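Input: a single structure, listed below in structure tokens.
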Amino acid sequence: QKEVEQNSGPLSVPEGAIASLNCTYSDRGSQSFFWYRQYSGKSPELIMFIYSNGDKEDGRFTAQLNKASQYVSLLIRDSQPSDSATYLCAPHSSNTGKLIFGQGTTLQVKP
Amino acid sequence: NAGVTQTPKFQVLKTGQSMTLQCAQDMNHNSMYWYRQDPGMGLRLIYYSASEGTTDKGEVPNGYNVSRLNKREFSLRLESAAPSQTSVYFCASSRTSGAGSSYNEQFFGPGTRLTVL
């Protein structure tokens, strides 16, 4: 079992729809979780982080965390073509103190 | 603030050549990291430095060495490049690292695209 699993996609949604990106992780001790966005040919940039169970909203982005199910997700409302990118999930490992990155989900938002 | 900077942006090497990738951050961060990113493999940690004066191996350290020159700078050296080291290399930094620490969001540099022929 991989430490962090994401569906590689591509996930294709029409403009204006809600995009739902999912991530599962194996380290039950992970306490903080990060979502990075990476445009093609660019470096990852942090868009959201979440520490507590439940939802955290920031503009059009909502991160959801369920530690019991070892599941974290990112919702993007009113998706725009500019949201087309790869989204990386990264739990913070309690064992090593480092971020463990998933392979990423590629999102395509079609006009 | 420039954030995290990396040089060079692109490099082509022949098998067996050596080179050093440079990274610097101006955010007064304690921890710095080197990753490589290959298609379909995600980001894999090569080496990291939790604080000035310390370095530790990550997931894929073979064929690489690092130096934490000071708090700002963290370099990655390929002593004898191999085609398997063709990749995009990212440097990152965070305020802290370690189990149970807060402020462990990592900020990335623009990357170095390395091709080994």
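Placing dummy labels 7 Å off each Cα toward the beta-carbon, the span from A:Asp78 to A:Lys2 is 3.2 nm.
The chymotrypsin sites (Phe, Trp or Tyr not before Pro) found in segment A:26-111 that occupy coil by DSSP, while having at most 15 further C-beta atoms within 10 Å, are A:Tyr39, A:Tyr51.
At a threshold of 8 angstrom on Cα-Cα distance, excluding pairs fewer than six apart, so keeping six or more, what relative contact order does chain A reach in percent?
Numbers: 286 pairs, mean separation 42.0, N = 111.
Normalised by residue count, the contact order of chain A is 38 percent.
Springs join every pair of Cα atoms under 10 Å in this Gaussian network model of chain B, and among B:Ser84, B:Ser75, B:Ser31 the largest mean-square fluctuation is at B:Ser84.
Taking one equal scatterer on every alpha-carbon of segment A:1-59, how large is log10 of I(q)/I(0) by Debye at q = 0.21, 0.24, 0.28, 0.29 1/Å? Listed by q, the Debye log ratios stand at -1.18, -1.40, -1.42, -1.41.
Where in segment A:4-104 are there trypsin sites (Lys or Arg not before Pro) that are in a DSSP coil and have at most 14 other Cβ atoms within 10 angstrom of their Cβ? Walk me through the numbers before you get to the answer.
Working: sites: A:Arg28, A:Arg37, A:Lys42, A:Lys56, A:Arg60, A:Lys67, A:Arg77, A:Lys98; in loops: A:Arg28, A:Lys42, A:Arg60, A:Lys67, A:Arg77, A:Lys98.
Listed in order of number, the matching sites are A:Arg28, A:Lys42, A:Arg60, A:Arg77.
Dipole check for chain A: with +1 at the C-beta of Lys and Arg, -1 at the C-beta of Asp and Glu, and the Cα centre as origin, the magnitude is about 160 Debye. Ligands, DNA and RNA are left out, and with a 1.4 angstrom probe the accessible area of chain B is 46 Å² per residue. In this calculation the C-beta distance from A:Arg28 to B:Lys71 is compared with R0 = 30 Å, giving a FRET efficiency of 0.35.
The mean count of C-beta atoms from other chains within 10 Å of the C-beta of residues in A:95-108, rounded to a whole number, is 5.
Taking both sides together, what accessible area is buried at the B/A interface, probe 1.4 Å, expressed in Å² and rounded to the nearest 100? Present the calculation step by step, with values, prior to reporting the outcome.
Values: alone 6180 and 5920 Å², together 10540 Å².
Summing both chains' loss of accessible area gives about 1600 Å².
With the simple spin-label model, which puts each label point 7 Å out from Cα in the Cβ direction, the A:Ser12 to A:Asp55 separation comes to 2.9 nm.
With a simple spin-label model that places each label point 7 Å from the Cα along the Cα-to-Cβ direction, the separation between B:Ser80 and B:Ala2 comes to 3.4 nm.
Give me the percent of accessible area attributable to carbon and sulfur for chain A, probe 1.4 angstrom. Looking at chain A in its full context, I get 46 percent from C and S.
The values are calculated or read from the model by the stated rules, or taken from the named source; none is laboratory data. All values reported here derive from a predicted model rather than from experimental measurement. FYI the Cβ positions are ideal-geometry reconstructions off the backbone, even for glycines, and counts take in every protein chain you see. Each accessible area value is taken on the protein alone, full model and side chains, heavy atoms only, with ligands, DNA and RNA left out. Shrake-Rupley method; radii C 1.70, N 1.55, O 1.52, S 1.80 Å.
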